[in-house]
Amino acid sequence: MVADFAARGVSDVECLFPDISGYPRGKLMPASAFAAGAELRIAQAIAMQCVTGDYSYDPIFPDQDPDVALVPDYATVRPVPWAKVPRALAIHDCVELSGQPCQFAPRSLLREVMARYERRGLRAVVAPEIEFYLTAPNDDPAQALRAPVMRGGRAEVGQSAFSLNTLNEHAAFWEEFRFALDTLGVKADTWIHEVGLTQFEINLVHDDALVVADQAFLFKYAAKEVALKHGLNAVFMAKPIAGQPGSSMHLHQSVVDDAGRNVFSDADGGESLLFRQFIAGLQANLPSLMLLFAPFVNSYRRFVKQSQAPVNFHWGCDNRTAGLRIPHSAPAARRVENRVAGADANPYLVIAATLAAGLDGIERALPPTDPMVDSAYEQAHTLPRSLPAAIESFVGDGVAARLFGERFVRGYASSKEVEYESWLAEIGAWERRFLVPQA
């Protein structure tokens, strides 16, 4: 692709990387400079930029705000399908000028987790299911998001779950979005209309963890850009519309050995010891990592009664009430589905957290609970119920620091505290509705 820049008329390259929220950050570089291998740097703090655009001034971040090098992963170079003038993009790694990976960069975190598997002769295979809403334009944040007008002149009103007729709405958007995904190398599997008004789910094909994380990152980028071209918003909030279902990012994961055999199944096709230890690691560690699965104040609106979102990390065979579901499958495809993460979460951090937790269970030979055969909703709600509670667990019990290092944990948590303080500074509709005296 790089060698073809001139022939394709490519003028610039988006040198991008995912920040902690999974948003694309970076710089635009002339294609000729990129092709020549020009050095590129950016402030280290950008990786930990808050969703508000603010920065934490926790002392964990150096006062001098040093640079990191942006190092391209040439395997990710792709045309930008929505650009009016030919342009390319490339996902980059943030690397300290000492040559060490930046400890605050989500892609670096996932690479380190993958290296732990490789040292044991293992490789993780993952596949996410990503939900999102298409909404009408919204130029006033004080107003609720609305479903867009359909071909018949009216907005969707419900009862369209799994409807192919409704999936065919906004055909121009879907056609361009499919083209964009193909151009970006994002391997999508099935597409469905979900339960919510203009809510959709697209499954990505299972693959290597970093490959899939990159695809999920580009998937979100493409959906937002293409939607805007068609007068729509692609919304990945966990709970964008009151009274409608939340949007999740369920993650399927399995582990294979050097020969490509699924280590979750034994020679007879049954559940292996490693499989149960992996589940035990998820149960032991994931409650402490909730901040990575539900990173914003809005994220916790998914976890309410009768929301169909998990409330604990029980596990069960084909049990959708459990936080950890084991789908029915052939032994070679045995996998664990983590159903807790929201669509708003950073895919690199969701995958890193889940894989690190499961590997920890294998390394410590942890035993899981008995599988849940009834409704896990009837069991205790053991997940943090708010952003402050999740921050406290993330920092306080030592699990996250043990798995990801103290510097990342402190930096990530401090950024989330800045976002929470920003949220506290605004007064919302609920407060005005119920706390202002009525005439």
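If T135 satisfies every condition in (1) open to solvent by 10 Å² or more (accessible area, probe 1.4 Å); (2) at pLDDT 95 or above; (3) polar (S, T, N, Q) but one, which is the exception?
(1) is the only condition that T135 fails.
Scan A390, A332 and give me the residue that is surrounded by fewer than 19 Cβ atoms within 10 Å (Cβ to Cβ) and part of a helix (DSSP H, G or I). Before you say what the answer is, go through the steps one by one.
On the way: A390 fails: surrounded by fewer than 19 Cβ atoms within 10 Å (Cβ to Cβ).
Among A390, A332, only A332 is surrounded by fewer than 19 Cβ atoms within 10 Å (Cβ to Cβ) and part of a helix (DSSP H, G or I).
Touching a His at 6+ places or on another chain (Cβ under 8 Å), in contact (Cβ under 8 Å) with a residue 12 or more places away in the chain, surrounded by 21 or more Cβ atoms within 10 Å (Cβ to Cβ) and not aliphatic (A, V, I, L, M), is that true of Q199? Give the steps one after another, and end with the answer.
Numbers: touching a His at 6+ places or on another chain (Cβ under 8 Å): yes; in contact (Cβ under 8 Å) with a residue 12 or more places away in the chain: yes; surrounded by 21 or more Cβ atoms within 10 Å (Cβ to Cβ): yes; not aliphatic (A, V, I, L, M): yes.
Yes: the conditions hold for Q199.
A90 - would you say it is touching a residue at least 12 places away in the same chain (Cβ under 8 Å), among the small types (G, A, S) and within 27 Å of D182 (Cβ to Cβ)?
Details: touching a residue at least 12 places away in the same chain (Cβ under 8 Å): yes; among the small types (G, A, S): yes; within 27 Å of D182 (Cβ to Cβ): yes.
In short, yes.
Right, S108: crowded, with 21+ Cβ neighbours inside 10 Å and free of Cβ contacts under 8 Å to residues at least 24 places away in the same chain or not? Spell out how you get there, then give the answer.
Values: crowded, with 21+ Cβ neighbours inside 10 Å: yes; free of Cβ contacts under 8 Å to residues at least 24 places away in the same chain: yes.
In short, yes.
Report yes if some residue within the range 406-418 is touching a Phe, Trp or Tyr at 6+ places or on another chain (Cβ under 8 Å), under 27 Å from R320 (Cβ atoms) and either open to solvent by less than 30 Å² (accessible area, probe 1.4 Å) or among the small types (G, A, S) (or both); otherwise report no.
No, that holds for no residue.
With respect to the numbered conditions (1) in a loop (DSSP other than H, G, I, E, B); (2) open to solvent by less than 30 Å² (accessible area, probe 1.4 Å); (3) under 30 Å from F179 (Cα atoms); (4) of a type outside the set (S, T, Y), which one is the sole condition not fulfilled by V85?
Looking at each condition in turn, V85 falls short on (2).
Here are some conditions: (1) in a loop (DSSP other than H, G, I, E, B); (2) at pLDDT 95 or above; (3) among the charged types (D, E, K, R); (4) more than 19 Å from Y412 (Cβ to Cβ). R320 meets all but one. Which one does it not meet?
With respect to (1) in a loop (DSSP other than H, G, I, E, B); (2) at pLDDT 95 or above; (3) among the charged types (D, E, K, R); (4) more than 19 Å from Y412 (Cβ to Cβ), R320 is out only on (2).
Scan the range 230-239 for residues that are open to solvent by less than 20 Å² (accessible area, probe 1.4 Å) and part of a loop (DSSP other than H, G, I, E, B) and jot them down.
Of everything in the range 230-239, those that are open to solvent by less than 20 Å² (accessible area, probe 1.4 Å) and part of a loop (DSSP other than H, G, I, E, B) turn out to be L232, F236, A238.
Please state which one of L359, L383, L366 is open to solvent by less than 30 Å² (accessible area, probe 1.4 Å), over 20 Å from I20 (Cα atoms), in contact (Cβ under 8 Å) with a residue 60 or more places away in the chain and in a loop (DSSP other than H, G, I, E, B). Spell out the reasoning first.
Numbers: L359 fails: in a loop (DSSP other than H, G, I, E, B); L366 fails: open to solvent by less than 30 Å² (accessible area, probe 1.4 Å).
Answer to the check: L383.
So which pairs qualify, if the first residue must be in the range 162-188 and without any contact (Cβ under 8 Å) to a residue 12 or more places away in the chain and farther than 19 Å from P79 by Cα, the second must be hydroxyl-bearing (S, T, Y) and open to solvent by less than 20 Å² (accessible area, probe 1.4 Å), the Cβ gap must be under 9 Å, and the two must be at least 6 apart or on different chains?
No pair meets every condition.
Among the residues of the range 163-174, which ones are under 10 Å from V226 (Cβ atoms) and under 24 Å from the mean Cα position of the chain (by Cα)? Steps first, answer last, please.
The initial filter retains those residues of the range 163-174 that are under 10 Å from V226 (Cβ atoms), namely 172-174.
Within the range 163-174, F173, W174 qualify.
Within the set of pairs 6 or more residues apart or between chains, which connect a residue that is in contact (Cβ under 8 Å) with a residue 24 or more places away in the chain and among the hydrophobic types (A, V, I, L, M, F, W, C) inside the range 320-335 to a residue that is open to solvent by 60 Å² or more (accessible area, probe 1.4 Å) and part of a loop (DSSP other than H, G, I, E, B) with Cβ atoms less than 7 Å apart?
I326/D318
Please pick out the residue among G428, G396 that is more than 21 Å from the chain's Cα centre (by Cα) and open to solvent by 30 Å² or more (accessible area, probe 1.4 Å). I'd like the intermediate steps shown before the answer.
Numbers: G428 fails: open to solvent by 30 Å² or more (accessible area, probe 1.4 Å).
One residue alone meets the criteria, G396.
Would you pick out the residues in the range 44-59 that are open to solvent by 20 Å² or more (accessible area, probe 1.4 Å) and either in a loop (DSSP other than H, G, I, E, B) or not aliphatic (A, V, I, L, M) (or both)?
Of all residues in the range 44-59, those open to solvent by 20 Å² or more (accessible area, probe 1.4 Å) come to 45-46, 49, 51-55, 57-59.
Q49, V51, T52, G53, D54, Y55, Y57, D58, P59, listed by residue number.
Given the options I391, I326, I362, I351, name the one that is touching a Cys at 6+ places or on another chain (Cβ under 8 Å) and of a type in the set (A, V, I, L, M). Can you show your working first?
Numbers: I391 fails: touching a Cys at 6+ places or on another chain (Cβ under 8 Å); I362 fails: touching a Cys at 6+ places or on another chain (Cβ under 8 Å); I351 fails: touching a Cys at 6+ places or on another chain (Cβ under 8 Å).
The match here is I326.
Working only within the range 88-105, note down all residues that are surrounded by 14 or more Cβ atoms within 10 Å (Cβ to Cβ) and over 30 Å from H230 (Cβ atoms). Explain how you work it out, then say what you get.
The first filter runs over the range 88-105 and keeps only residues surrounded by 14 or more Cβ atoms within 10 Å (Cβ to Cβ), leaving 88-96, 101-105.
Listed by number, the residues that qualify are D93, C94, V95, E96, P101, C102, Q103, F104, A105.
Could you say whether any residue in the range 255-273 is under 19 Å from E129 (Cα atoms) and open to solvent by less than 10 Å² (accessible area, probe 1.4 Å)?
So the first thing to find is which residues in the range 255-273 are under 19 Å from E129 (Cα atoms), and the list is 255.
Next, only the ones that are open to solvent by less than 10 Å² (accessible area, probe 1.4 Å) stay: 255.
So far as the range 255-273 goes, yes, one or more of its residues are under 19 Å from E129 (Cα atoms) and open to solvent by less than 10 Å² (accessible area, probe 1.4 Å).
The values are calculated or read from the model by the stated rules, or taken from the named source; none is laboratory data. Since the model is a prediction, treat every value here as computed from it, not as a measurement. Cβ sites come from the backbone with ideal geometry, for glycine too, and all protein chains shown count toward neighbours. The protein model used for the area step is the full one, side chains on, heavy atoms only, and it has no ligands, DNA or RNA in it. Shrake-Rupley method; radii C 1.70, N 1.55, O 1.52, S 1.80 Å.
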